[in-house]
Every structure is written in structure tokens, then in C-alpha cells.
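The values are calculated or read from the model by the stated rules, or taken from the named source; none is laboratory data. Quick caveat: nothing in here was measured; it's all calculated off a predicted structure. Positions of Cβ are backbone-derived with ideal geometry, glycine not excepted, and every protein chain shown enters the neighbour counts.
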Amino acid sequence: MHTDGACGPEGAGARIVLKSPEGEEYTFGLRFSFPVINNEAEYEALLSGMRVAKYLEVKELSVYVDSQLVANQFNGIFEAHDELMQKYLKLVQELAVDFDLFQITQVSRTLNKKADALSKLAALTFSHFKKEIWVEEVRVKSIKTDGVSAAVEEEEQSWMTPIVEFLSKGTLPIDSIEARNIKMKAPMYLLDREILYRKSFLGPHLQCLNPIQAESIIREVHEGIRKRH
């Protein structure tokens, strides 16, 4: 696995490239919706990649990073003096135990150029990504993650229904372009006991809500706020 984090005036992002022994390659793009410094971005990229690998049930993982600090802190060459880095290092060490084999190797930025270039792209926007690349927005730092998932609100009923129909019955829209779009979107979703979830590699799956459900929840929240005041 090659990981790299990048941050700048335009934002922060990360790129994860997982490659199997058979040569299959999986690419993931992340955009951080919170401010980070360079070292934090590198650690966030590493932790996100480890969670993706765990989700995919990887047992042996060799990680290549171009961050000398991250690699040497994990390998015990550098000591983590900063409290923030100590927290990140502890998280990496805890996740590493879940693998039968786990190692981190520092490589030059030129050898890690694919992850490096794409992490910079992730920091800017998702609009340039190809459709075969999995993209996800990370809203909370790893050292503050509480594991609580937020609901995904459906904007239009037609958005969710075709996906449910395809996952449950294999039914596709008559229009060929729309059918192709549904086929491309479907792997990002999971249908469990008639409930549609948006898959997440980095945390709990997100339950999709239709407009009526979303409106009901909003009313309950407003009612709760009104009663408290």
C-alpha cells in the first residue's frame, strides 16, 4: 500500500493505492474537511489506508510512505515528542495489531509519485477523479473519531429507488445511459433488510433516508430543541 497526504491553501487530502500480490490495484481518494498540518495529513492518510485494508480483510500489509517522520516514528527510530503525534502513533500501533504482518517503509517521493500526485488532487476537488476510483470525505480527525454515523439524506425519490430495485431484483431503467449509471453507483451501496446504506471504508455505513423519513427526523429534532427551551 502506498499512502500520501497533502495540505495547502486549497484544502487537505490523501491518496491510498492498494496493490494485491496478483497485481490488482485499488485507488482511494480522500478529502479532509478539517484543517491539518502536513504531518497530520500523512498520518491521516496512513490510518485511512489501514482501515480500508482491514475492511477488505487484508492479512499482511506492507506500507510505503514518503514521510520520514511517520515511518521512523513507527519503526522506533524517531521519538514522538509532540502530543498530537503521540496520539496518531498510538492509533497506528493499535491498528497494526489487527494484521498478521504489518510493516512501514519510507520511500522517496519519486517512488511514491502516484499517491503523492493524487493526494494533491484530492485536496483540491473530487470532480477530476475517474469513476473507478473510490472517493470519500473524512469529516472528523482520527484522534477524535467517535464512530457515530450521520444519515445520508435523499434529495429526490428517484435517486434511491433505482438503486434499491437493482440491488434487490436486478432491475435496471430502460434508458441505457441511466442503467449504466446505476450499475456504476450500485457497488457503493448495501441493501440490508430493505434498508439502503451508503458504504464507508473508514467508518460505519450510512443509512439513506427518503424525504419523508428525513422530514420526520428534522421535526423530532426541532421539537426536542423547542421543549428544552
Worksheet entry | Matching option when the condition is aliphatic (A, V, I, L, M), in contact with a helix residue (DSSP H, G or I) (Cβ under 9 Å, 6 or more places away or on another chain) and at pLDDT 50 or above, among Leu101, Leu84, Leu111 | Leu84
Practice prompt. Just name the residue that is modelled with the highest pLDDT out of those in the range 169-189 that are within 23 Å of Leu56 (Cα to Cα) and surrounded by fewer than 14 Cβ atoms within 10 Å (Cβ to Cβ).
Written response: Lys183
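For every residue, the table says whether it meets (1) buried (at least 19 other Cβ atoms within 10 Å of the Cβ); (2) within 20 Å of the chain's Cα centre (by Cα).
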{"position": "Leu30", "(1), (2)": "yes, yes"}
{"position": "Ser33", "(1), (2)": "no, yes"}
{"position": "Glu40", "(1), (2)": "yes, yes"}
{"position": "Tyr55", "(1), (2)": "no, yes"}
{"position": "Val65", "(1), (2)": "yes, yes"}
{"position": "Gln68", "(1), (2)": "no, no"}
{"position": "Gln73", "(1), (2)": "yes, no"}
Worksheet item: Considering the range 1-43 alone, what residues qualify as being assigned to a strand (DSSP E or B) and hydroxyl-bearing (Ser, Thr, Tyr)?
Response: Thr3, Tyr26, Thr27
Worksheet, complete the sentence: Only unsatisfied item for Asp146, checking (1) in a loop (DSSP other than H, G, I, E, B); (2) modelled with pLDDT under 80; (3) more than 30 Å from Lys90 (Cβ to Cβ), is (3)
Worksheet item: Cβ-Cβ below 6 Å, separation at least six or inter-chain, first residue in the range 29-43 and farther than 13 Å from Ile143 by Cβ, second at pLDDT below 80 and assigned to a loop (DSSP other than H, G, I, E, B): which pairs?
Response: Gly29/Phe129; Gly29/Ile133; Ser33/Arg139
Worksheet item: For the range 44-101, how many residues meet the condition of being within 21 Å of Lys19 (Cβ to Cβ) and not in a helix (DSSP H, G or I)?
Response: 16
Practice prompt. Please go through the range 51-60 and pick out each residue that is in contact with an Asp or Glu (Cβ under 8 Å, 6 or more places away or on another chain) and either hydroxyl-bearing (Ser, Thr, Tyr) or modelled with pLDDT of 90 or more (or both).
Written response: Lys59, Glu60
